[in-house]
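Novice: Dropping a structure here in structure tokens format, bear with me for questions.
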Amino acid sequence: MIEHLRTVRQSAKTIALVPTMGYFHAGHLSLMEKGRELADHLVVSIFVNPAQFGPGEDLDKYPKDLERDRELAEKTGADILFTPDADAFYPHGYESFVVLEDLPHHLCGIHRPTHFRGVATVVTKLFNIMAPTFAIFGRKDYQQLMIIRKMVRDLNMPVTIIDAPTIREPDGLAMSSRNSYLTPAQRVQALGLINALENARKQVGDGELDTKALINNAKFLIDSHPDTQIDYIDICDPETLETIDKIEGMALMALAVKVGTPRLIDNMMLCPPGIG
Ligand code: AMP
């Protein structure tokens, strides 16, 4: 891949990278479209990264359809689809990892303690291989986006991180490869996530600034569905991800909820009256 991109660089001035775990939906394709617009050459990677899954998570079950993904990536303008093999990526004796000291200790990182070490490591490896000009990430995985931005800044990585908005189903459910695990009944219950976020946004717009009250209302909306189990609901500073008690500026509400077995995440910016 390194050799190939060396040749590509003789004619392409800029390379965009879209890292993914595959099983594409319109959210992935929107990142590819952005990459296509920005750069001369578009690389899309598919890698279900074992280093970012904890014990008992869905590494072995993660949905796959490489043939369909290949067609969609090609149609969307990808020049290369990079699908490394896990054993080649982490050969026997592999021991180097990238660890951030603070940002991973909030939100999802509390419940998935090794997840962001795996994310930061795989993204660093991809950046080292591709040396992309741009790398595009979705705001759906907000904490991941912030961690990658911070890592790039802290370690002087010569890449520009571009973010892209969350693409949703017509009824508001954030698109996710994991939505394919949902039964029809769970699919309806999964709307609890977006309903809770929308409700909080509206309440904040109406002047409710106490995060405990907002979180309790969100809990109530999600718990009203029988198959949901809340991992966390938090309202935090959008830069530091520190939990806040009172909304005084833009704030991020983020949540993770198991709906049946699949664990779904979503987030939304909350904007108090008179700001933004
Ligand atoms: P994944 O394959 O789930 O690891 O996601 C690969 C990239 O797609 C990440 O940057 C995600 O944030 C992004 N992504 C996933 N779902 C969405 C969505 N619904 N809208 C926009 N981007 C998304």
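Bear in mind that the values in this text are calculations on the coordinates, not laboratory data. The structure displayed is predicted, hence computed values, not measured ones. For neighbour counting, all protein chains shown are included, and Cβ atoms are generated from backbone atoms with ideal geometry for every residue, glycine included.
Novice: Within the range 129-168, count every residue that is out of contact with any Leu (no Cβ under 9 Å at 6 or more places or on another chain) and either within 8 Å of the ligand (Cβ to nearest atom) or under 23 Å from Ala256 (Cα atoms) (or both).
Specialist: 9
Novice: Determine whether Ser180 is among the polar types (S, T, N, Q), within 9 Å of the ligand (Cβ to nearest atom) and touching a residue at least 40 places away in the same chain (Cβ under 8 Å). Write out each step before concluding.
Specialist: Numbers: among the polar types (S, T, N, Q): yes; within 9 Å of the ligand (Cβ to nearest atom): no; touching a residue at least 40 places away in the same chain (Cβ under 8 Å): yes.
When the stated conditions are applied, Ser180 does not pass them.
Novice: Which of the residues that make up the range 244-260 are out of contact with any helix residue (DSSP H, G or I) (no Cβ under 8 Å at 6 or more places or on another chain) and either among the hydroxyl-bearing types (Ser, Thr, Tyr) or surrounded by 14 or more Cβ atoms within 10 Å (Cβ to Cβ) (or both)? I'd like the intermediate steps shown before the answer.
Specialist: Within the range 244-260, the first condition is being out of contact with any helix residue (DSSP H, G or I) (no Cβ under 8 Å at 6 or more places or on another chain), and the residues that meet it are 248-250, 258.
The answer is Met250, Lys258.
Novice: Would you confirm whether any residue within the range 42-57 is under 21 Å from Ala73 (Cβ atoms), surrounded by fewer than 16 Cβ atoms within 10 Å (Cβ to Cβ) and among the aliphatic types (A, V, I, L, M)?
Specialist: No, that holds for no residue.
Novice: Just one of the numbered conditions (1) over 25 Å from Phe24 (Cβ atoms); (2) away from the ligand (no atom under 16 Å from the Cβ) is not true of Gln186; which one?
Specialist: In the conditions (1) over 25 Å from Phe24 (Cβ atoms); (2) away from the ligand (no atom under 16 Å from the Cβ), Gln186 misses (1) alone.
Novice: Which one is farthest from Asp245 (Cα to Cα), of the residues in the range 186-228 that are surrounded by fewer than 19 Cβ atoms within 10 Å (Cβ to Cβ) and polar (S, T, N, Q)?
Specialist: Ser224
Condition check ((1) more than 28 Å from Ala174 (Cβ to Cβ); (2) over 19 Å from the mean Cα position of the chain (by Cα); (3) surrounded by fewer than 21 Cβ atoms within 10 Å (Cβ to Cβ)) across all residues:
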| position | (1), (2), (3) |
| --- | --- |
| Leu72 | no, yes, yes |
| Lys75 | no, yes, yes |
| Ile80 | no, yes, yes |
| Asp87 | yes, yes, yes |
| Glu95 | yes, yes, yes |
| Leu107 | no, no, no |
| Gly118 | no, no, yes |
| Met130 | no, yes, no |
| Arg139 | no, no, yes |
